[in-house]
Each structure stands twice: as C-alpha cells, then as structure tokens.
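One structure is given below, encoded as structure tokens.
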Amino acid sequence: MSEVALTDVLFALSDPTRLDLARQLVDGPMDMAACSATGGPVPKATKSHQLKVLREAGVVRNVPKGRGRLLSLRRDELDAAFPGLLDSVLGARTAPGQTSVEI
C-alpha cells in the first residue's frame with residue numbers, strides 16, 4: 001500500500017462502472033463471476049479491464065479460487081492510508097437524472 005497513490009485510487013473510482021463494482025464488494029468478498037455492472041450487460045473483456053484498473057490502483061484484491069477469482073475490497077488498507085475516503089466515495093450516490101452527487 002505504500003506505493004498506492006491517492007490520485008490512482010480516485011481515478012479508479014471515478015468511473016461509474018468501476019465505482020459500482022467496488023460498491024458490490026463493501027459487504028465482503030465475491031466471486032468475480034458474481035460481480036456485474038448495473039445498467040445492462042457488460043462484455044467480459046470490459047469487465048476484466050475495469051477490475052484490472054481497480055486492482056492496479058490498489059482498491060481491490062484479486063485472489064485465485066479454484067477455476068475462478070475471489071475479489072475483495074482492500075478496505076482496511078485504504079482506510080489506514082486515506083482515512084474516510086471509501087466511506088465518502090462509496091457512500092455517495094447520484095440519483096437518476098441528477099448531475100451532482102449527494103452525500
């Protein structure tokens with residue numbers, strides 16, 4: 001985590017699809033196959049790319065589990081490095097038809 005930059009974390013969470021994927025991991029680890037972006041089907045390559053951006057930014061951990069992968073949010077490490085960031089970003093929601101985020 002010492003190499004994780006705040007700008008990389010914020011960039012990774014700036015995309016609505018990646019933000020949605022990260023929100024799905026708030027309650028605990030999930031199989032990669034169970035994670036899905038809302039708003040319609042996403043091609044497998046796109047989902048893999050979005051998860052790669054989250055992993056490389058230090059937001060999620062991707063661990064082999066049998067023939068699949070187990071994804072988890074690196075909450076403890078991110079909270080230690082950037083206190084309050086995940087609560088602020090993952091808790092913020094944009095209502096349909098709004099352009100600003102309500103916190």
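Coordinate-derived values only; no laboratory data. The structure displayed is predicted, hence computed values, not measured ones. All Cβ positions, glycine included, derive from the backbone under ideal geometry; neighbour counts span all protein chains shown.
All other residues with a Cβ under 13 Å from the Cβ of K44 taken together, and with Lys, Arg as +1 and Asp, Glu as -1, what is their net charge?
Residues close to K44 contribute a combined charge of +3.
Classify the range 1-69 from the C-alpha gyration tensor, please: rounded if a/c falls under 1.5, else prolate or oblate depending on whether a/b exceeds b/c.
oblate
For E77, what is the net charge nearby, where nearby means another residue's Cβ is under 12 Å from its Cβ and Lys, Arg count +1, Asp, Glu -1?
Numbers: positive: R61, R74, R75; negative: E3, D76, D79.
Around E77, the surrounding residues sum to 0.
Rounded to the nearest 0.05, what FRET efficiency do D20 and V63 have when you use their Cβ-Cβ distance and R0 = 25 Å?
0.75
For the range 24-64, what does the alpha-carbon gyration tensor say about shape, rounded, prolate or oblate, given a ≥ b ≥ c as the root eigenvalues, a/c under 1.5 as rounded, and a/b over b/c as prolate?
oblate
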